[in-house]
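A quick write-up on the structure given underneath.
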Amino acid sequence: MSAASPASIADAIQTIRAELPASTTLIAVAKTFPASAVAEALAAGQRHFGENRVQEGMEKYPALRQTHPDLVLHLIGPLQTNKVKQAVAHFDVIHTLDRPKLAEELAREFEKTGRRLPCFIQVNTGEEPQKAGVAPLEADAFIHDCCERLGLPVVGLMCIPPADEEPSPHFALLRRIAQRNGLEQLSMGMSGDYSIAVQFGATHVRVGSAIFGGRTYPA
């Protein structure tokens with residue numbers, strides 16, 4: 001997959017940052033793009049990056065961390081329980097805590113390693129059967145269990161609105177759930193709707209194609 005040109009990556013980052021409040025973290029989603037594209041973003045001052053797959057993060061970032069130890073790597077894709085050990089070792093933030101079995105496994109790994117990654121609980125605001133995330137009506141109980149019983153470092157909530165729906169109601173719903181549970185961080189908004197997400201209090205936006213260009217996936 002070829003990335004956008006270095007100049008356009010830097011320009012895109014600068015343009016998007018100009019639209020974001022200082023309190024909003026821009027996560028550059030580099031899934032499917034090579035380490036060279038990440039290096040160009042690093043040269044432009046970008047430090048927060050997102051990957052969907054644990055394996056891709058493990059392969060792409062160790063060398064980049066050697067020259068940029070302040071790089072922060074966010075796991076924004078589904079996390080399988082058999083990948084928890086690798087995820088905890090190679091990532092810095094997890095955005096997709098979405099079910100009890102995963103919560104239990106993360107708690108065990110955090111206890112074993114002493115490495116406690118900030119976690120966002122993913123809420124399936126559209127209740128789409130094909131999409132990961134806890135149902136909105138089950139979110140309060142799951143948040144409480146993760147925080148109180150398991151002692152996980154839950155910092156906020158994450159959502160991905162349905163592609164064919166107006167995102168505003170989903171962002172508003174996520175904010176309401178976070179507020180009533182005392183969670184301050186909201187991971188929401190992607191290339192097509194990050195400006196709307198900011199209006200609803202997004203603290204983290206996950207932007208990929210608007211920085212690196214369009215993606216093509218293997219057949």
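The values are calculated or read from the model by the stated rules, or taken from the named source; none is laboratory data. Note that the structure is a prediction, hence the values are computed from the model and not measured. Neighbour counts are summed over all protein chains in view; Cβ atoms, including those assigned to glycine, are modelled from backbone coordinates with ideal geometry. Remember, those area values only see protein heavy atoms, side chains included, never the ligands or the DNA or RNA. Shrake-Rupley method; radii C 1.70, N 1.55, O 1.52, S 1.80 Å.
Between Ser36 and His68, the modelled labels are 1.6 nm apart [label points 7 Å from Cα along Cα→Cβ]. Under a model in which nothing but the beta-carbon of Lys, Arg (+1) and Asp, Glu (-1) is charged, the stretch 57-98 shows a dipole of about 140 debye around its Cα centre. Taking Lys and Arg as +1 and Asp and Glu as -1, the other residues whose beta-carbon sits under 14 Å from that of Ala12 total -2. Per-residue 3J(HN,Hα) values for the stretch 107-117, derived from phi via the Karplus relation 6.51 cos²θ - 1.76 cosθ + 1.60 with θ = phi - 60°, read 4, 5, 5, 4, 5, 5, 9, x, 9, 10, 7 Hz in sequence order (x marks Gly and Pro). Here the alpha carbons of the stretch 145-191 define both size measures, Rg and Dmax, at 12.2, 37 Å. Note on the stretch 40-140: with charges restricted to the Cβ of Lys and Arg (+1) and Asp and Glu (-1), its dipole about the Cα centre is near 380 debye. If the elastic network links every pair of Cα atoms under 10 Å, which of His68, His90, His204 fluctuates the most in the Gaussian network model of the chain? Answer for the Gaussian network model of the chain: His68. Placing unit charges on C-beta atoms (Lys and Arg positive, Asp and Glu negative, everything else neutral), compute the dipole magnitude of the chain about its Cα centre in debye, rounded to 20. Here the chain has a charge dipole of around 540 debye. The residue among Thr113, Pro129, Ser168 whose Cα reaches farthest toward the positive pole of the charge dipole of the stretch 111-181, with charges on the beta-carbon of Lys, Arg, Asp and Glu, is Thr113.
Result for the chain in a Gaussian network model with C-alpha springs under 10 Å: among Pro69, Pro78, Pro100, the largest mean-square fluctuation is at Pro69. If you wrap the Cα atoms of the stretch 1-112 in a convex hull and average its projected area over all directions, you get 7.7 nm². The count of lysine pairs in the chain whose Cα atoms are under 23 Å apart, excluding pairs fewer than 8 places apart on the same chain, comes to 13. 3J(HN,Hα) along the stretch 28-35, derived from phi through the Karplus expression 6.51 cos²θ - 1.76 cosθ + 1.60 where θ = phi - 60°, amounts to 7, 8, 9, 4, 6, 9, x, 4 Hz, with x in place of Gly and Pro. The residues of the stretch 1-157 expose, per residue, 46 Å² of accessible area to a 1.4 Å probe. Under Stokes-Einstein, with the Kirkwood radius over Cα pairs as Rh, the value for the chain at 37 °C and 0.692 mPa s is 187 µm²/s. What the phi angles of the stretch 152-165 give under the Karplus curve with 6.51, -1.76 and 1.60, with θ = phi - 60°, is a coupling list of 6, x, 7, 10, x, 10, 9, 8, 10, x, x, 4, 9, 10 Hz, glycine and proline written as x.
Translational diffusion of the stretch 126-170 was estimated from the Stokes-Einstein equation, with Rh taken as the Kirkwood radius over Cα pairs; at 4 °C and 1.567 mPa s the coefficient is 108 µm²/s.
For Gln122, the residues whose amide H sits under 5 Å from its own are Leu97, Asp98, Val134, Met158, ignoring neighbours fewer than 5 places away on the same chain, with H placed 1.01 Å from N.
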